[in-house]
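First up is the structure itself, then whatever we jot down about it.
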Amino acid sequence: MYMKGTAARMGVMKRVSLVFKAKANKALDKMEDPRETLDYSYQRQLELLTKVRRGVADVATSRKRVELQMNQLQQSANKLEDQARKALSMGREDLAREALARKSSAQSQLNDLQAQYAQLQAEEEKLTVASQRLQAKVDAFRTRKETIKATYTAAEAQTRINEAFSGISEEMGDVGMAIQRAEDKTAQMQARAGAIDELMASGALDDLGGHRDDIQSELDMISSGSDVESELARLKGELTASQRKQIEGSGANGGPQAAQAQQPQQAQQAQQGPYAPPAPQYTPPQQPQQAEQYQPTQAGLPVADLPGLGGEPQDGDG
Amino acid sequence: MIVRILGEGQFRVDDDVAAELNQLDTELESAVEHSDEDKFTTALASLLAQVRAQGAPLPADILEASDLILPHEDSSMDEVRKLLTDEGLIPG
């Protein structure tokens, strides 16, 4: 080999492979019956397979979360641009500026997420491939395990077991590291995703998720401003008209109206005839009240009897 | 001989290719020793490219230990150092 004679410089590749081999040998040395090693190792392989599949699922979940956030940010960015356009068309450059500033912030978060999304996607693919490769190796190991058990005595089996074991052990080490890397990446992404969620909740990126949108409410205010003004004017007009009418009405009929309001009631009671003897007794105490003026009546009687609201119907009655 | 790229799988490469790889590997090792980040990145990228270009992927159902093992492509220099000293990078 190239670095022959330089024992200390055996190169990175060789050294790493020796580290892996040492690891496998250490595990093998612990086993007393070599054939037990096969079953024990096979169990660990199955566990690792489960773990790597779970790893794939975790990365996928994380990727989907990032995807969701990307969609939200994209919507926000689009909406903010619409708002900026609308604000400009209303001559509110200050609002447009604010909307665009937020859009730019949302956009930079979005770019960041896109990079992370690509990383997660790559990680997911790698882990999926690793999981398939490990599955194939585990299957090969199982076949070889059965052959070794059936054909060889414990002593004879040793070499073949060592071969199978170091082969699978290297794969397991590799996959184990891949899972670790994927977990680290996922954890990083989750931390960032959490930070973005917080940022959205704070309103800095103007999330569409339901909290108050001050730019929109200001735009709404401006655009509905003219409507409000005209509505207000209309209502004011109505109010003034009805007040005038009322004032005129009270001025002319105020006192008598109050008396009239009670009279139909009394008439009704009277109409109940002989079967309502208490009625006459009922009436006298009210008489002084009616005789007194407007104000006590207003305070004491039910709303329906208030004369102020009923000028016109009473006019009709009278 | 069999070369594994961590996170990627195993490749079978001819012995004369392995000699070329060793040349690049020496550069990689010296880059790690001297903490030369640029040289490290270049050497690792060339090594991986060479293995991918010259090697034939080993079928997944073949159980063989590799003669040489290469760090995965996004490895940092720090990760490679840990790999070399076996400080817990390889699980199990």
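The values are calculated or read from the model by the stated rules, or taken from the named source; none is laboratory data. Computed from a prediction, not measured in an experiment: that's the story for all the values here. Don't worry about glycine lacking a Cβ; one is built from the backbone with ideal geometry, like all the others, and counts go over all protein chains shown. Side chains are part of the model used for accessible areas, which takes the heavy atoms of the whole protein and leaves out ligands, DNA and RNA. Shrake-Rupley method; radii C 1.70, N 1.55, O 1.52, S 1.80 Å.
Tell me the net charge near A:Thr151. Cut-off is 13 Å between Cβ atoms, A:Thr151 excluded, with +1 for each Lys or Arg and -1 for each Asp or Glu.
+3
Using protein heavy atoms only (no ligands, DNA or RNA), what is the total accessible area buried between A and B, 1.4 Å probe, nearest 100 Å²?
3700 Å²
Using 7 Å Cα-to-Cβ label points, what is the A:Asn71/A:Asp184 separation (nm, one decimal)?
The modelled label-to-label distance comes out at 3.2 nm.
Using a Förster distance of 30 angstrom, determine the FRET efficiency expected from the C-beta separation of A:Glu36 and B:Ile62, and round it to 0.05.
Using R0 = 30 Å, I get an efficiency of 0.75.
I need the calculated FRET efficiency for the pair A:Asp214 and B:Asp38, taking r as the beta carbon distance and R₀ as 45 Å, to the nearest 0.05.
The value I calculate is 0.40.
Summing Lys, Arg as +1 and Asp, Glu as -1, what charge do residues with Cβ under 14 Å from the Cβ of A:Leu46 carry, A:Leu46 excluded?
Residues close to A:Leu46 contribute a combined charge of +3.
Using Cα atoms only, what is the angle between the long axis of helix B:37-54 and the major principal axis of chain B, expressed in degrees (0 to 90) to the nearest 10?
So the inclination is approximately 10 degrees.
Hey, any idea what Rg/Rh is for region A:15-166, computing Rh the Kirkwood way over Cα pairs?
Rg/Rh: 1.38.
Leaving out ligands and nucleic acids, note down the accessible area per residue over region A:88-202 with a 1.4 angstrom probe, in whole Å².
48 Å²
Which distance in nm do the two modelled labels at A:Gln132 and B:Asp14 give, with both placed 7 Å along the Cα-to-Cβ direction?
Label-label distance for A:Gln132 and B:Asp14, simple model: 2.9 nm.
Can you send over the carbon and sulfur percentage of the accessible area for region B:1-70, probe radius 1.4 Å, protein chains only?
So the carbon and sulfur contribution to the accessible surface is 48 percent.
Can you find, among B:Gln23, B:Gly9, B:Ile69, the residue sitting farthest towards the positive end of the charge dipole of chain B, where Lys and Arg contribute +1 and Asp and Glu -1 at Cβ?
Projecting each Cα onto the dipole axis, the largest value belongs to B:Gly9.
Can you pull the one-decimal nm distance between simple spin-label points at A:Asp139 and A:Lys21, each 7 Å off the Cα toward Cβ?
Modelled inter-label distance: 3.0 nm.
What FRET efficiency comes out for the pair A:Arg234/A:Met90, r = Cβ-Cβ distance, R0 = 25 Å, nearest 0.05?
After rounding to 0.05, the efficiency reads 0.60.
Over region A:15-166, what is the mean sequence separation of C-alpha contacts under 8 Å (at least six apart), divided by residue count, expressed as relative contact order in percent?
37 percent
Assigning unit charges at the beta carbon (Lys, Arg +1; Asp, Glu -1) and nothing else, what dipole magnitude in debye, to the nearest 20, does region B:9-79 show about its Cα centre?
In debye, rounded to 20, region B:9-79 gives about 260.
What part of the accessible area of region A:3-129, given as a whole %, is carbon or sulfur when the probe is 1.4 angstrom?
51 percent
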